[in-house]
Amino acid sequence: METREINIVEAAIRMILRYGMARTTMSDVAHEAGISRQTLYASFASKEDLLRASIRHLADRNVADIISDCAKTTDLAAQLDVVIHHTAVRSFELLHASPDANDIVSGFNSACKEELSEASARYQALIEDILRPRKASIEAAGMSLEQLADFIQKSTLTIKHEARDMAHLQQLTQALRVMVLRVVS
């Protein structure tokens, strides 16, 4: 995306977190981005296009952060912490900072299911790359690399939506971390 599109997407994310999906309008986003509605529509033809770009932008940022942070260590526990932080904890914090988290989740799911699916596939591929050096241990435990990566990705997705509060989120992520480390040891 170009700088102008990134600025628009970041404005959209701020507005969605502030007001929820249903109440955020294209006019709100244009105002927040400091542009005209015509400029906004020149970049994004519809609210759905803008939402897809927002999901893609957040996923791109998370993937880049995960890659960067995981490159700093070869320790699997630390790499799992990075993945969990960027895919579950960060999302949990974002959603719960919004006054209407359920509206955000349902709005993204209904409008942008394909984009969310693509983001999930990217996270799973990234997790597979992290686990690849332990493939023999994973297979010795009776799982495939792909199964374990899928389990971790789906677990982080579920955890961030099902945790009651931050303490519960930490308990769930700790359980996931312990289980994965036992499988690969």
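The values are calculated or read from the model by the stated rules, or taken from the named source; none is laboratory data. Given the structure is predicted, the values throughout are model-derived calculations rather than measurements. Every residue, glycine as well, gets a Cβ built from its backbone with ideal geometry; the counts of neighbours run over all protein chains shown. Keep in mind that these areas ignore ligands, DNA and RNA; they rest on the heavy atoms of the full protein, side chains included. Shrake-Rupley method; radii C 1.70, N 1.55, O 1.52, S 1.80 Å.
Points worth noting:
- Against the test of being loosely packed, with under 15 Cβ neighbours inside 10 Å and touching a residue at least 12 places away in the same chain (Cβ under 8 Å), the options 4, 37 yield a single qualifying residue, 4.
- Positions within segment 51-98 being open to solvent by less than 20 Å² (accessible area, probe 1.4 Å), more than 19 Å from residue 172 (Cβ to Cβ) and either in a loop (DSSP other than H, G, I, E, B) or of a type in the set (Phe, Trp, Tyr) (or both), in sequence order: 98
- Matching residues, segment 7-24, being touching a Phe, Trp or Tyr at 6+ places or on another chain (Cβ under 9 Å) and either small (Gly, Ala, Ser) or open to solvent by 50 Å² or more (accessible area, probe 1.4 Å) (or both): 12
- Odd one out for residue 158, checked against (1) out of contact with any helix residue (DSSP H, G or I) (no Cβ under 7 Å at 6 or more places or on another chain); (2) at pLDDT 95 or above: (2)
- Residue match in segment 54-70 (condition: among the β-branched types (Val, Ile, Thr) and over 24 Å from residue 17 (Cβ atoms)): yes
- Filter result for residue 128 (at pLDDT 95 or above and crowded, with 16+ Cβ neighbours inside 10 Å): yes
- Checking the stated criteria, residue 153 turns out not to satisfy the condition of being assigned to a helix (DSSP H, G or I) and either open to solvent by 50 Å² or more (accessible area, probe 1.4 Å) or of a type in the set (Ser, Thr, Tyr) (or both).
- Pair list, Cβ < 6 Å and 6+ apart or interchain, from segment 167-184 residues that are farther than 24 Å from residue 142 by Cβ to residues that are of a type outside the set (Gly, Ala, Ser) and surrounded by 19 or more Cβ atoms within 10 Å (Cβ to Cβ): 169/92
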